[in-house]
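**Student:** Questions regarding the structure given below will be posed in turn.
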Amino acid sequence: MTQGMVLMVGLGNGAVAGICAGALALGVVLGWLFVTLISGRTIAKAKGEAEQITKLAEAEAKAAAGKAEVEAQKRIMGERKKAEGEFAKEREELRESERRLTKREDLHERKNEALVLKEENLSKRDSKIEARDTKSKDREAELAKLVERSKEELSRVADMSREEAQEQLLQLVEEDVQDDAARLIRSKMEEAKEEAKEKAREITLTAIQRYAGEHVSETTVRAVQIPNDDMKGRIIGREGRNIRAIEKATGVDIIVDDTPGVIVVSCFDKVRQAIAAESMQKLIADGRIHPTRIEEVVEQVRAETDERIQKYGKEAALEVKLRGLHPKVQEAMGRLHYRTSFGQNILRHSVEVAYVCQIIADQIGLDPLVARRCGYLHDIGKAMDHEIEGTHPQIGMDFAKRYGEKEPVLNAILGHHGDVAATSFYTPIVMAADAISGARPGARRESMEQYVQRLEQLQDIAMENEGVEEAHAIQAGREVRVMVDAKRVNDDRAYQIAKTIADRVSDEMTFPGEIRVTVLRETRAVEVAR
């Protein structure tokens with residue numbers, strides 16, 4: 001500044017004025033430029049700031065919008081949940097209303113059914129009342145008739161003595177009691193039959209159908225075929241030595257008669273009879289017949305028979321699936337292969353009874369293994385030698401007890417013929433199965449003499465009853481039909497006669513299976529028009 005002032009002083013006032021004007025112009029120009037520059041920068045800065053503000057405003061606006069949207073969604077979700085809760089509550093109320101309506105409908109249906117049932121009961125009561133009224137009227141008529149009869153009877157009794165009146169009164173009372181007893185027996189028998197028939201038929205038929213055994217009726221050999229009469233003489237031997245040796249070795253009787261081609265072996269013991277018959281067959285086939293050879297062959301056959309007996313007993317025990325049988329018990333059961341009853345093989349009969357007992361026990365909920373054991377061993381007493389005293393149930397029970405059998409089996413063996421009271425449910429099962437096995441067609445046979453005798457005995461028992469006019473045994477003795485006088489025997493008395501005949505047949509006769517008693521009463525009214 002000092003140098004400028006000096007310069008200004010040196011140049012003079014004019015120059016100073018020019019310089020001042022130029023400086024002023026320059027200052028104006030520089031000021032304008034500065035202002036322009038500053039203004040541009042300010043404007044740019046302002047634009048930048050405006051853009052930043054705009055961006056910030058947009059970001060804030062977007063954030064505010066997002067926040068508002070989130071809040072709106074939250075409010076919407078809240079309203080939706082609230083609405084759903086209200087809807088669920090309304091649905092539950094509707095369901096509850098439906099349940100109440102359903103209960104009311106069920107209640108109304110039950111009430112309607114009860115009303116219908118009451119109406120039916122009332123109808124039945126009305127019918128019963130009408131029937132009672134009708135019956136009462138009939139009884140009144142009967143009473144009137146009885147009164148008339150009583151008056152007539154009183155007038156008749158007035159002429160009777162005391163003893164005659166007492167005798168007639170006792171006779172009337174006896175007839176009334178017989179009629180009442182016959183009526184009671186008939187009603188009770190019908191009730192018992194109706195209750196037991198269906199179940200018994202179901203169990204019995206199921207047992208019979210499920211057991212499929214071989215229905216073969218066997219008999220032991222009694223006659224031995226010989227090729228010619230020369231062989232018959234060789235069997236007899238010189239002075240009868242050979243036949244005596246056979247009888248001594250086997251314990252049987254040899255019958256040699258004039259029948260061609262046959263020698264008969266006779267013995268109660270079927271095992272010894274089988275040994276003798278087989279020994280003679282071997283001797284005949286071998287051709288060497290003398291006492292020493294006879295003893296050898298008999299011993300050989302006896303050993304083979306003992307082995308077969310053991311085999312039969314084991315096979316039968318395996319067939320009925322029984323374990324734990326004592327060897328002696330198995331041997332005794334094997335001996336039953338040679339025993340028969342009315343032509344029925346006892347061992348096969350025992351196997352049948354075992355299976356039928358098992359099936360019946362299954363039907364009524366008892367132990368099938370115990371039932372099978374009881375049925376299998378029930379006839380074991382028949383395997384014992386005839387020298388042992390007692391009935392076969394008692395002998396069999398003692399034998400089984402000796403070798404470890406328990407009480408249900410022992411009672412079934414002892415009581416299967418009803419000799420003693422049953423102490424378990426298995427005994428009556430064995431009785432039923434025994435009857436089923438013995439009564440099936442083809443199981444047993446009887447001789448013509450026994451058959452004819454049984455038919456005659458059936459007819460005689462039936463004809464001994466008062467009021468019976470005719471009696472005929474039919475169906476091979478399985479049924480007896482009895483014709484009674486309808487004037488002397490009423491319906492109730494007919495039932496009593498049938499029961500009396502059945503009881504006597506059961507007590508006095510021996511027969512396989514069962515016998516049906518049918519009493520026929522017929523009233524015929526015949527008139528002739530002329």
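**Student:** State whether the stretch 311-441 is rounded, prolate or oblate according to the following rule on the C-alpha gyration tensor (a ≥ b ≥ c being the square roots of its eigenvalues): a/c under 1.5 gives rounded; otherwise a/b larger than b/c gives prolate, and the remaining case gives oblate.
**Tutor:** rounded
**Student:** At 25 °C and a viscosity of 0.890 mPa s, what translational diffusion coefficient does Stokes-Einstein give for the stretch 218-319, taking Rh as the Kirkwood radius over Cα pairs? Give it in µm²/s as a whole number.
**Tutor:** Estimated via Stokes-Einstein, D reaches 174 µm²/s.
**Student:** Looking at the stretch 212-357, how many pairs of lysines come closer than 21 Å at the Cα, when each pair is eight or more places apart or spans two chains?
**Tutor:** 11
**Student:** If a/c stays under 1.5 just call it rounded; otherwise compare a/b with b/c (prolate if a/b is bigger, oblate if not). Do that for the stretch 448-521, with a ≥ b ≥ c from the square roots of the Cα gyration tensor eigenvalues.
**Tutor:** In terms of gyration-tensor shape, prolate.
**Student:** Using only C-alpha atoms and all pairs of different ones, pull out the Kirkwood radius for the stretch 60-136 in Å with one decimal.
**Tutor:** 18.5
**Student:** Further, regarding this structure: List the lysines whose Cα lies under 17 Å from the Cα of residue 47, skipping any in the same chain that are fewer than 8 positions away.
**Tutor:** Once the sequence-local lysines are set aside, what remains near residue 47 is 55.
**Student:** To the nearest 20 debye, what is the magnitude of the charge dipole of the stretch 265-369 about its Cα centre, counting +1 on the Cβ of each Lys and Arg and -1 on the Cβ of each Asp and Glu?
**Tutor:** 100
**Student:** Can you return the lysines within cross-link range of residue 145? Criterion is Cα-Cα under 19 Å, with same-chain partners fewer than 8 residues away left out.
**Tutor:** Answer for residue 145, where 19 Å is the Cα cut-off: 135, 137, listed by chain and number.
**Student:** In the stretch 264-342, what chymotrypsin sites (Phe, Trp or Tyr not before Pro) fall in a loop by DSSP, with at most 12 other Cβ atoms inside 10 Å?
**Tutor:** Taking the stretch 264-342 and a limit of 12 other Cβ atoms within 10 Å, the loop chymotrypsin sites (Phe, Trp or Tyr not before Pro) found are 268.
**Student:** Also, I was wondering about something else. Whole-Hz ³J(HN,Hα) for each residue in the stretch 479-485, computed from phi via Karplus 6.51 cos²θ - 1.76 cosθ + 1.60 with θ = phi - 60°, x for glycine and proline: what do you get?
**Tutor:** Once θ is set to phi - 60°, the couplings for the stretch 479-485 become 8, 10, 10, 10, 9, 10, 7 Hz.
Read-outs: derived from the displayed coordinates by stated rules, not from any lab. Bear in mind that the values here come from a model prediction, so they are computed numbers and not experimental data. Reconstructed Cβ throughout: ideal geometry from the backbone, glycine too, with neighbour counts over all protein chains shown.
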